[in-house]
Ligand code: BES
Ligand code: ZN
Ligand code: ZN
C-alpha cells in the first residue's frame, strides 16, 4: 500500500472511496442511512456505501488499539472490492492518532500468499488528509511505515515453511536484512559452537540435516547512548525431538523461530529509524529433529558458561539454545545496558496468560514494568510473571547442575524463565528481560489486525521501549 499525507480540502483529493472513522453516530453526515443499516459505532463495525463512495468504520475509544483495528477493518473491506484508492480525513480530531491508523492499515492489509497458486495482491493508494502537513506528521508517517514493514517482514519469515526456511536460510535472510539496513553481519556454524563450548545449543540441532547457525547482527551508530542486546530463539522447526510432540501440537511449530525473526527485523528497523543506540541481535537458528544422532533424555550437556544440564525432555529445547546464546552475548559484548531475549518458549505461558499476551520475566521490577508499558503503548499486550524461590528449587537435578524441565507441571512459563536466569551473569541480572511470546507470535484464529499466521510479536514493543529511552 502506498500511503501519503495531503494537505488540501477533501473534495480535491482524488480517490475511489473515503474512509470515515466514527465513534458517535449523531455526528455522522449520513446518520439516517447508517441508522437504517443498523450501523453501530463499535470496534470492528463497518459499512460500505458504494454509491456514496464511503466506508464507515466504528471505534469505541480514541486510543491506539481501537483506531488501528478500525483502520485495518476498513482496509480489509476495501480489499474485497475493486476500489484502488482511498482517502481519510484526519483533520484536527484524529491527527494525534496517525500512527495507529497507518500501522493498522499496513498490518491489516498483510496477506501471506507465497504458497497460493493464484496470489494476486492488490495495491491500494491511501491519501491521508491533514490540516497542516508538517515535519512532525511526516516523521510519524515514516516511522509507522518502517515499524509496520518490520512486523510484516517478521510475519513473512515466520510463515515460511520449514522446508524453505531452515537455519542456513535464516542466516542468509539475516545477511540480506543487514545489507539493506547497512549493519554488520556475522554467522557461526557448528564447528564454532563446538570449539566455543556451546554444547547445549549444538546438541539440539544434531539430528537435523541442517547445520545450526549462530547469527549476530550489530548496529553501531556514532556516540551511542546505550548498548542493547536482543537474543532470539530461532527454532526453524520444533518436532519435540525424541520427546516427540503429538501431531496436533506439532502443527504450527514452524513458528518456533518467531523470537529470532522478531530480533532480525527489529535490528533492521532500529537501523532504519537511526535510533541512537548500539544494538546487537543474536539468534540461535536450529532445527529440533529426531534421528540416530539425536540428543536424548538422560544426556547431560555443558553450556558455554560451564554449567551442566540434565536433559529430561528434548522438547524443552529452546532454553538450551538460549542458554548458550545468552552466554555468547555476554562473553562477546561488554558493558551491556539491557539484554532482552524473545522466545516462543512455553505452552504454559499461553495457558497462563492467554494467546494474545506476552509473558515478561526478569529480576528487575522497574524494568519489567517499563517493558509492559512500552508493549501496551506500542499496541502489543504483555504482563509480568514473577519468579519465586520455591519454583526455582523445582529445576534441581540429581546428577547435573540443573534439569532442563521442572519437577512440577505448574508455573511452566516461570520455571523456564528461571532456567534462563542461570545463564545471566551477575553483572547483568538487573538488565535482563525474558519475553515469552509463545501465545501472540502465531495466530490460529485471526484477531485485531492479525490474520491467521505469524503476528510479528515483539517487534513493536521493543522499538517502543528504545524510543522511550531516547526521551
Ligand atoms: N516451542 C515450544 C513451546 C510452544 C508451545 C510454543 C506452544 C508455541 C506454542 C517449546 O519448545 C516446548 O515444547 N516447550 C514445552 C516445555 C515442556 C517440555 C517443559 C512445552 O511448553 O510443553
Ligand atoms: Zn519444544
Ligand atoms: Zn520450541
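Every read-out reported here was derived from the displayed coordinates using simple, explicitly stated rules and does not represent laboratory data. Model, not experiment: these values are computed from the prediction. Quick reminder, even Gly has a Cβ in these numbers, built from the backbone with ideal geometry, and neighbours come from all protein chains shown.
Key figures
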| quantity | calculated |
| --- | --- |
| Order of 75, 336 under a 10 Å beta carbon neighbour criterion, fewest first | 336, 75 |
| Value at 222 nm in deg cm²/dmol, rounded to 500, when DSSP H runs of n ≥ 4 in the chain each add -39,500 (n - 2.57) | -11000 deg cm²/dmol |
| The range 147-470: antiparallel DSSP beta bridges as a percent of all, rounded to 5 | 45 |
| Evaluated over the range 44-108, the Cα radius of gyration and Dmax, each in Å | 11.3, 30 |
| The range 356-471 - Rg (one decimal) and Dmax (whole number), Cα, Å | 15.7, 49 |
| Spherically averaged projected area of the range 2-130 from its Cα convex hull (nm²) | 8.0 |
| Inter-part distance where the range 313-341 and the range 18-39 are each reduced to a Cα centre, Å | 53 |
| Burial order of peptide ranges 61-69, 24-32 (average beta-carbon count within 10 Å, highest first) | 61-69, 24-32 |
| Rg/Rg_ref, the chain, where Rg_ref = 2.2 N^0.38 Å and atoms are Cα | 1.02 |
| Sequence of 390, 449 once ranked by neighbouring C-beta atoms within 10 Å, starting from the fewest | 390, 449 |
| Ranked list, fewest to most other Cβ atoms within 10 Å of each Cβ, for 210, 434 | 210, 434 |
| For the range 284-364: rounded, prolate or oblate by the Cα gyration tensor [a/c cutoff 1.5] | oblate |
| Alpha carbon centroid spacing (whole Å) that separates the range 401-471 from the range 114-171 | 23 |
| Computed Rg/Rh of the range 347-392, alpha carbon atoms with Kirkwood Rh | 1.00 |
| Kirkwood Rh in Å, taken over the range 87-130 so that all alpha-carbon pairs contribute | 12.3 |
| The range 81-195: equivalent-ellipsoid semi-axes (sqrt of 5 x gyration tensor eigenvalues, Cα, Å) | 36, 20, 10 |
| Mean separation of Cα contacts under 8 Å (6+ apart) over length of the range 2-130, as relative contact order % | 34 |
